[in-house]
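Let me begin by presenting the structure, written as structure tokens, before commenting on it.
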Amino acid sequence: MMPGMQVPSHVEYERATSLEHALTLLAGPDARALAGGHSLIPMMKLRLAAPELLVDINGLTELSFIRLDGDELRIGALTRHADLLGSAVAGEYFPILTDAERVIADPVVRNWGTIGGSLCQADPSEDLPAAFAALRATVVIRGAGGVRTVPVREFHVGPYETVVGPGELLTEVRVPVLPRSSSAHLKVHRRAGDWPVAAAGAVLRLGGPAAAPVVEAAGIGLTAVGAPHFVAAEAEEFLRGRPADEESFAAAGAIAADHCRPVADQRGPEDYKRHLAAELTARALRQAAARALGEA
Amino acid sequence: MQVTVTVNDTEYTREVEPRLLLIHFLRDELGLTGSHWGCDTSNCGACVVWLDGTPVKSCTVLAVMADGRAVRTVEGLERGGQLDPVQQGFMECHGLQCGFCTPGMMMTARWLLDRNPDPTEAEIREAISGQICRCTGYENIVRSVRWAAGHSAPEATEATEVTA
Ligand SMILES: Cc1cc2nc3c(=O)[nH]c(=O)nc-3n(C[C@H](O)[C@H](O)[C@H](O)COP(=O)(O)OP(=O)(O)OC[C@H]3O[C@@H](n4cnc5c(N)ncnc54)[C@H](O)[C@@H]3O)c2cc1C
């Protein structure tokens, strides 16, 4: 082995041939699902993860879909980032997802990384958890005992931690379609393909007359700035019933920034990240409103 | 465990450890050293190959994940002694300096051109945005891909494309 070569430690590998097969394999000791592997394999190289068994779920094509079903958009866990980015139906109803996918990693990583892997990795700087939190999506989790659905806002319980238990798989994400609403995701990163310094996603449902629209409901997701469950709950609360205007959006941004807990790292100091949280929240709200009103 | 991978239309069967990365399988097991092993963190893109017709960073894929699948590497661009237009473009337009990023750049470029035969400069830059040229020779790389866009691919390229 060459010096400096990063290699995962010894591991067993099985390829799941059906969902049931995957669940059976995952119930074994120290088994981990392997989707795109674009988070898990780097973690294994660094010994931050050392599972005994990898259960490759890439053959489970039934988990790869994007479809509108009643008043929900359903996205299979094995859907690749590139497929979500290219999805016309996702873009039409949820531009926040297209905005987010356009800036997640780079085109080659997006070819292989999956939506389910992104959510389950639960990296505190991941873009999609914030986008899906803003959308108040629910996730579907399957285990030997059956199926359960969990609001995405309860799915992430801490950095790199979700409610998915041993022997379980995330199978899909469901996003409710709301009338007279739209959304946007904005991110600041240091260079193409990099993780965010900070990012904010906003979803707005508007009411009132077109000339003076009012916020009926707001969803705000934040990532990389230490927002609990990727959500700016106080800012959402503040906006409800207020005019959908510049003043409200700026105030909501300030509230979001006050309630997050960014940590200084190589991507920037705390005050800069807090500043970005405020500014990106306000801008995402502005863009979501413009889209909802058909102005953008 | 035993894996069988079709690389550039040739089937190879080997006994490998599950932890072996695809890039090392290609280079060390099969002797296909055209694909380069660079940053090892899926950032630089020197290791880009096609897996079932789609470019992936092979330092972040296990060889066992490619079992039963088709891989295409830079060695598979040339057909019957004829260079792919992308390879010709890199020659014509000085698309390589040290050459380290070149195999990955070419694989992504071929894929882009198969889907979008007449890409704009911005589209080319977006396509290679996950790949780093440490000589900073991006201007000439983009020019090389544009050159290739103006010169159609040999027939064989289409025929070998594998759909997932
Ligand atoms: C260079 C690079 C840049 C990146 N930049 C960004 C970025 O800017 N923004 C961003 O958001 N992300 C970024 N990412 C992360 C990328 O989005 C994730 O690596 C990827 O999408 C994770 O998906 P995966 O399929 O590769 O997951 P894997 O690595 O296969 O899995 C990740 C984790 O999730 C578990 N898992 C996977 N699928 C399931 C399932 N269905 N059910 C239960 N558990 C499951 C695995 O067991 C593992 O613990 C970047 C990654 C790279 C390599």
Quiz item: Can you list the residues, at least 5 places off or on another chain, whose amide H is less than 5 Å from the amide H of B:VAL49, using H built in the peptide plane?
Solution: B:VAL56, B:SER58
Quiz item: Once the dipole of the stretch B:2-76 is set up with Lys and Arg at +1 and Asp and Glu at -1 on Cβ about the Cα centre, which of B:LEU32, B:THR13, B:CYS44 lies farthest towards its positive end?
Solution: B:CYS44
Quiz item: Can you pull the accessible area of A:GLU295 for me, 1.4 Å probe, Å² to the nearest 10?
Solution: 140
Exercise. Mind grabbing the base-10 log of I(q)/I(0) for chain A at q = 0.15, 0.16 Å⁻¹? Debye formula, identical points on the C-alpha positions, no solvent, two decimal places.
Key: -1.13, -1.25
Exercise. Helix by helix through chain A, keep the DSSP H runs that span 15 Å or more along the axis on Cα and average at least -1.0 on Kyte-Doolittle, and give those back in order.
Key: A:246-259, A:270-292
Quiz item: For the stretch B:2-76, what number results from the quotient of the Cα radius of gyration and 2.2 N^0.38 Å?
Solution: 0.95
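Per residue, how many Å² of accessible area does chain A show with a 1.4 Å probe?
Values: 12080 Å² over 296 residues.
Accessible area per residue, chain A: 41 Å².
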Exercise. State log₁₀ I(q)/I(0) for chain B at q = 0.20 Å⁻¹ as given by the Debye formula over alpha-carbon point scatterers of equal weight, solvent excluded.
Key: -1.30
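Hey, what did chain B get for relative contact order, percent, Cα under 8 Å, at least 6 apart? If you can, show how the numbers build up before the last one.
Details: 300 pairs, mean separation 40.3, N = 164.
Averaging sequence separation for qualifying contacts and normalising by length gives 25 percent for chain B.
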Quiz prompt | Cβ-defined net charge surrounding A:THR149, 13 Å radius [Lys, Arg +1; Asp, Glu -1] | solution = +2
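Based on the mean of other beta carbon atoms within 10 Å per residue, what is the order of A:241-253, A:149-161, most packed first?
Values: A:241-253: 18.2, A:149-161: 15.7.
Highest-to-lowest ranking by the protection proxy: A:241-253, A:149-161.
What length, rounded to one decimal in nm, is gained on full extension from A:GLU234 through to A:TYR160, with 0.36 nm per residue of separation minus their alpha-carbon distance?
Values: separation 74, 0.36 × 74 = 26.64 nm, distance 2.39 nm.
Stretched out fully, the A:GLU234 to A:TYR160 stretch lengthens by 24.2 nm.
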Quiz item: Amide H to amide H, which residues 5 or more places from A:GLU72 or on other chains are under 5 Å from it, using H placed in the peptide plane?
Solution: A:VAL177
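So how strong a dipole does the stretch B:65-155 carry about its Cα centre when Lys and Arg Cβ are +1 and Asp and Glu Cβ are -1, to the nearest 20 debye?
Dipole of the stretch B:65-155, to the nearest 20 debye: 160 debye.
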Quiz item: Tell me, what HN-Hα J-couplings in whole Hz come from the Karplus equation 6.51 cos²θ - 1.76 cosθ + 1.60 at θ = phi - 60° for each residue of the stretch A:183-199, using x for Gly and Pro?
Solution: 7, 7, 10, 10, 9, 10, 10, 6, 7, 3, x, 8, 5, x, 6, 7, 8
Practice problem: At a probe radius of 1.4 Å, figure out the A/B buried accessible area, summed over both chains, and give it in Å² to the nearest 100. | Solution: 2500
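Which value in deg cm²/dmol, rounded to the nearest 500, describes the helix-derived mean residue ellipticity at 222 nm for chain B, given -39,500 (n - 2.57) per DSSP H run of n ≥ 4 and division by the residue count? Walk me through the numbers on the way to the answer.
Details: 5 runs with 47 residues, N = 164.
Taken over chain B, the calculation gives -8000 deg cm²/dmol.
Does the stretch B:85-158 classify as rounded, prolate or oblate by the C-alpha gyration tensor (a ≥ b ≥ c root eigenvalues; a/c under 1.5 gives rounded; else a/b over b/c gives prolate, otherwise oblate)?
It is prolate, given that a/c is not under 1.5 and a/b is the larger ratio.
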Quiz item: How much of the accessible area of the stretch B:1-157, probe 1.4 Å, is carbon plus sulfur, in whole percent?
Solution: 47
Practice problem: Starting from the Kirkwood radius over alpha-carbon pairs of the stretch A:64-176, derive D by Stokes-Einstein at 20 °C in a medium of 1.002 mPa s and give it in µm² s⁻¹. | Solution: 154
Quiz prompt | Heavy atoms of B:THR54 accessible to a 1.4 Å probe, total area in Å² rounded to 10 | solution = 40
Quiz item: Hey, what do the phi angles of the stretch A:105-117 turn into as Karplus ³J(HN,Hα) couplings, whole Hz, using 6.51/-1.76/1.60 and θ = phi - 60°, x for Gly and Pro?
Solution: 6, 9, x, 6, 4, 5, 5, 10, x, 10, 5, x, x
Self-check item: Test item: A:7-15 mean partner chain Cβ contacts at 10 Å
Solution: 5
Practice problem: From the P(r) of the stretch A:181-292, can you give the percent of Cα pairs sitting at distances over 20 Å? | Solution: 34
Quiz item: Quick one: how many Å² of B:ARG19 are accessible to a 1.4 Å probe, rounded to 10?
Solution: 50
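The values are calculated or read from the model by the stated rules, or taken from the named source; none is laboratory data. Just so we're clear, the structure is a prediction, and the values are computed from it rather than from any experiment. Note that we place each Cβ from the backbone using ideal geometry, even for glycine, and neighbour counts take in every protein chain shown. Accessible surface areas use protein heavy atoms only, side chains included; no ligands, DNA or RNA. Shrake-Rupley method; radii C 1.70, N 1.55, O 1.52, S 1.80 Å.
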